[in-house]
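The values are calculated or read from the model by the stated rules, or taken from the named source; none is laboratory data. Not measured: the values here are computed from a predicted model. No Cβ is skipped: glycine too gets one built from the backbone with ideal geometry, and neighbour counts run over all protein chains shown.
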Amino acid sequence: MTFQHPADRGGEERGRFERLAEAGSRFTSSPAFFAFCVGLVSLTVAVHVAGLAGEWLLLAGDAMTAVTLLLLALLKNSELRSERAIQRKLDAIASALLEAQEGAPGKAHEDLRKVIRLEDET
């Protein structure tokens, strides 16, 4: 197990966990996941209203806790990836500005184009 920043693990290629976390982030921001959460909360309310045994309340509570912990892990992973991407862009901008002050654009300018992905916008 490694405790490195997600962007520092494995170089440029993303690992299985990063791909899984990104797929999980896409799913949890979908209407299907929202419907699942509404259903889970509705089930918990129904169990309370129906006055079912404590085991059902415990099961519903445990399911909600598990979903909450998974969402927390996905949120933190997404935050770290976003933070690292922003920092790479800021570093590239700073390098390109310094390079521009010194004269002609060079490697830093190309790195900036790659990080910002100007070609993807057109």
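Taking the range 81-112, which residues are within 26 Å of GLU22 (Cα to Cα) and surrounded by fewer than 14 Cβ atoms within 10 Å (Cβ to Cβ)?
The answer is SER82, GLU83, ALA85, ILE86, GLN87, LEU90.
Could you please find all residues in the range 36-80 being of a type in the set (Phe, Trp, Tyr) and under 27 Å from ALA21 (Cα atoms)? Let's see the steps before the verdict.
Of the range 36-80, the ones of a type in the set (Phe, Trp, Tyr) are 36, 56.
Matches in the range 36-80: PHE36 only.
Please determine, by comparing only the residues of the range 23-56 that are in contact (Cβ under 8 Å) with a residue 12 or more places away in the chain and not hydroxyl-bearing (Ser, Thr, Tyr), which one is nearest to ARG81 (Cα to Cα). Even if it seems obvious, please write down each step before you answer.
Step one: of the range 23-56, the residues in contact (Cβ under 8 Å) with a residue 12 or more places away in the chain are 24-25, 28, 37, 40-41, 43-44, 47.
From the residues that got through so far, the ones that are not hydroxyl-bearing (Ser, Thr, Tyr) too are 24, 37, 40-41, 43, 47.
Numbers: GLY24: 14, CYS37: 25, LEU40: 29, VAL41: 30, LEU43: 34, VAL47: 39 Å.
So the residue we want is GLY24.
Run down ALA92, ALA108 and say which single residue is modelled with pLDDT under 85 and more than 30 Å from GLY24 (Cα to Cα).
Selected residue: ALA108, the only one of ALA92, ALA108 that is modelled with pLDDT under 85 and more than 30 Å from GLY24 (Cα to Cα).
Please work out which one of (1) hydroxyl-bearing (Ser, Thr, Tyr); (2) surrounded by 12 or more Cβ atoms within 10 Å (Cβ to Cβ); (3) modelled with pLDDT of 85 or more is the condition THR68 fails and give its number.
THR68 satisfies all of (1) hydroxyl-bearing (Ser, Thr, Tyr); (2) surrounded by 12 or more Cβ atoms within 10 Å (Cβ to Cβ); (3) modelled with pLDDT of 85 or more except (2).
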